[in-house]
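**Student:** What follows is a single structure, and I will ask about it in a moment.
The values are calculated or read from the model by the stated rules, or taken from the named source; none is laboratory data. Computed from a prediction, not measured in an experiment: that's the story for all the values here. Neighbour counts run over all protein chains shown; Cβ positions are idealised from the backbone, glycine included.
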Amino acid sequence: MTVTVTADMVMSLDGYIAGTGHSVANPAGHGADRIGGWIHAQSSWRERSGLAGGAADQDSDIMREWFETTGAVVMGRLMYDSGVDFWGEDPPFRAPVFVLTNRPGPTLVKEGGTSFTFVTDGIHSALDRAKAVSGGRNVDIAGGADTVQQYLRARLVDELQLHVIPTLLGAGLRLFDNLGTDAHDLEPVRVVDTPGATHVKYRVLK
């Protein structure tokens, strides 16, 4: 069974996924709470995180679609370090997560089906391991920017979905830097426009 490799990212209209000064202690950077707030306001995210309330609308449906179609996740060490305390003992992934790192460690098993396995031998190994346990569902390259860029450069991403927030940050961490000079052609698959975001899904042409 063919497994689809996805990258699903929230970004400002001018292409930033985090503001300036982003770090483990401040993963969104200065002023980028306007981007991340879109996710945390959705009922599907809150439900998955053990919280009540939130908006039950098209934005929430798109977030729920990610949860239902994703069978495994790959992320970078910075994303893990900056998120692990926030996600708590029952992270919203509820799937195996493979963390790219140069610091090995034992697999951490959390509640709800989430586990964090630390991979020290590169992006291909992490992806192969994620595919093997995805149950035929998507493997999502969750971030951060450097991790997504590595998989895009290696032509390993099949679908790219962008949640474009109508705000201009002006500076920060750009998603599409460091991709080299070779063209990356995309085919639009779906556009959903809501008051909070424009959700655009592309097929990455190989």
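**Student:** Looking for something over 21 Å from Val200 (Cα atoms) and under 18 Å from the mean Cα position of the chain (by Cα) - is there at least one such residue anywhere in the stretch 52-70?
**Tutor:** Looking through the stretch 52-70, none of the residues is over 21 Å from Val200 (Cα atoms) and under 18 Å from the mean Cα position of the chain (by Cα).
**Student:** Considering only residues that are loosely packed, with under 14 Cβ neighbours inside 10 Å, of a type in the set (Val, Ile, Thr) and modelled with pLDDT of 95 or more, which ones fall in the stretch 177-206?
**Tutor:** Val189, Val191
**Student:** So, one more: Could you count how many residues in the stretch 68-80 are farther than 13 Å from Ala7 by Cα and surrounded by fewer than 17 Cβ atoms within 10 Å (Cβ to Cβ)?
**Tutor:** Within the stretch 68-80, residues that are farther than 13 Å from Ala7 by Cα and surrounded by fewer than 17 Cβ atoms within 10 Å (Cβ to Cβ) number 1.
**Student:** Another one. Looking at the stretch 24-36, which of its residues are outside any loop (DSSP other than H, G, I, E, B) and more than 15 Å from the chain's Cα centre (by Cα)?
**Tutor:** Once the filter is applied, which keeps residues that are outside any loop (DSSP other than H, G, I, E, B) and more than 15 Å from the chain's Cα centre (by Cα), the stretch 24-36 yields His30, Asp33, Arg34.
**Student:** In this structure, does Asn178 turn out to be on the phi > 0 side of the Ramachandran plot and in contact with a helix residue (DSSP H, G or I) (Cβ under 6 Å, 6 or more places away or on another chain)?
**Tutor:** Yes; evaluated as a whole, the condition is true for this residue.
**Student:** Also: Output the residue which, of all residues in the stretch 1-23 that are among the hydroxyl-bearing types (Ser, Thr, Tyr) and outside any strand (DSSP E or B), is nearest to Gln150 (Cα to Cα).
**Tutor:** Thr4
**Student:** Report, by residue number, each residue of the stretch 147-182 that is assigned to a helix (DSSP H, G or I), of a type outside the set (Val, Ile, Thr) and within 23 Å of His40 (Cβ to Cβ).
**Tutor:** Result: no residue meets the conditions.
**Student:** Within the stretch 154-163, is there a residue that is crowded, with 21+ Cβ neighbours inside 10 Å, modelled with pLDDT under 95, closer than 25 Å to Glu65 by Cβ and within 18 Å of the chain's Cα centre (by Cα)?
**Tutor:** no
**Student:** I've got another one for you. Quick check on the stretch 1-51: of everything there that is closer than 26 Å to Arg137 by Cα and surrounded by fewer than 15 Cβ atoms within 10 Å (Cβ to Cβ), which residue is modelled with the lowest pLDDT?
**Tutor:** Met1
**Student:** In addition: Can you confirm whether the stretch 55-64 contains a residue that is under 23 Å from Leu162 (Cα atoms) and either free of Cβ contacts under 8 Å to residues at least 12 places away in the same chain or among the polar types (S, T, N, Q) (or both)?
**Tutor:** yes
**Student:** In addition: Note down all Cβ pairs under 8 Å where the first residue falls in the stretch 97-122 and is among the hydroxyl-bearing types (Ser, Thr, Tyr), the second is loosely packed, with under 13 Cβ neighbours inside 10 Å and in a loop (DSSP other than H, G, I, E, B), and they're at least six residues apart or on different chains.
**Tutor:** Ser115/Thr107; Thr117/Thr107; Thr120/Asn102; Thr120/Arg103; Thr120/Pro104
**Student:** Within the stretch 76-112, how many residues are at pLDDT below 95, farther than 21 Å from Ala18 by Cα and not in a loop (DSSP other than H, G, I, E, B)?
**Tutor:** The number of residues fulfilling the criteria is 2.
**Student:** Another question, then. Being surrounded by fewer than 19 Cβ atoms within 10 Å (Cβ to Cβ) and in contact with a Pro (Cβ under 9 Å, 6 or more places away or on another chain) is the filter here; which residues of the stretch 120-135 pass it?
**Tutor:** Thr120, Arg129, Val133
**Student:** Kindly evaluate Glu89 against the criterion of being loosely packed, with under 15 Cβ neighbours inside 10 Å, closer than 20 Å to Gly113 by Cα and more than 13 Å from the chain's Cα centre (by Cα).
**Tutor:** yes
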